[in-house]
1. Before we move on, is residue 57 touching a strand residue (DSSP E or B) at 6+ places or on another chain (Cβ under 8 Å) and modelled with pLDDT of 85 or more?
2. Mind listing whichever residues of the range 30-43 are more than 13 Å from residue 7 (Cβ to Cβ) and within 18 Å of the chain's Cα centre (by Cα)?
3. Does the range 2-55 hold any residues that are part of a helix (DSSP H, G or I) and either surrounded by fewer than 11 Cβ atoms within 10 Å (Cβ to Cβ) or not assigned by TED's automatic domain parsing to the domain that holds residue 68 (or both), and which are they?
């Protein structure tokens with residue numbers, strides 16, 4: 001049985017809130033679940049996240065695979081860092097790193113060009 005940690009949608013039309021649940025991967029999104037471990041309310045300002053840290057760590061240790069959205073919520077709440085220290089998420093694309101390197105070089109060139117103009 002493939003067990004997953006995912007979001008279960010609740011609330012009214014256009015006013016969603018989500019429960020973080022541990023469920024069998026074959027069950028429907030809002031269907032049967034094994035355990036309810038928290039909630040996420042995206043429409044509150046700021047959005048509210050409450051996840052039971054002990055139960056989430058227990059299920060992660062048991063091998064439960066979190067969905068991408070739940071993994072991000074675990075990162076925001078700090079639980080993912082406890083489970084996998086040093087895992088910061090996706091690595092930065094090389095294009096962004098290249099742009100930063102180019103802008104740093106341009107800044108350095110602008111500083112050195114100004115010195116030549118004076119001399």
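The values are calculated or read from the model by the stated rules, or taken from the named source; none is laboratory data. Model, not experiment: these values are computed from the prediction. Cβ sites come from the backbone with ideal geometry, for glycine too, and all protein chains shown count toward neighbours.
1. Working: touching a strand residue (DSSP E or B) at 6+ places or on another chain (Cβ under 8 Å): no; modelled with pLDDT of 85 or more: yes.
Against the criterion (touching a strand residue (DSSP E or B) at 6+ places or on another chain (Cβ under 8 Å) and modelled with pLDDT of 85 or more), residue 57 does not qualify.
2. Across the range 30-43, the qualifying residue is only 43.
3. Passing the criteria: only 54.
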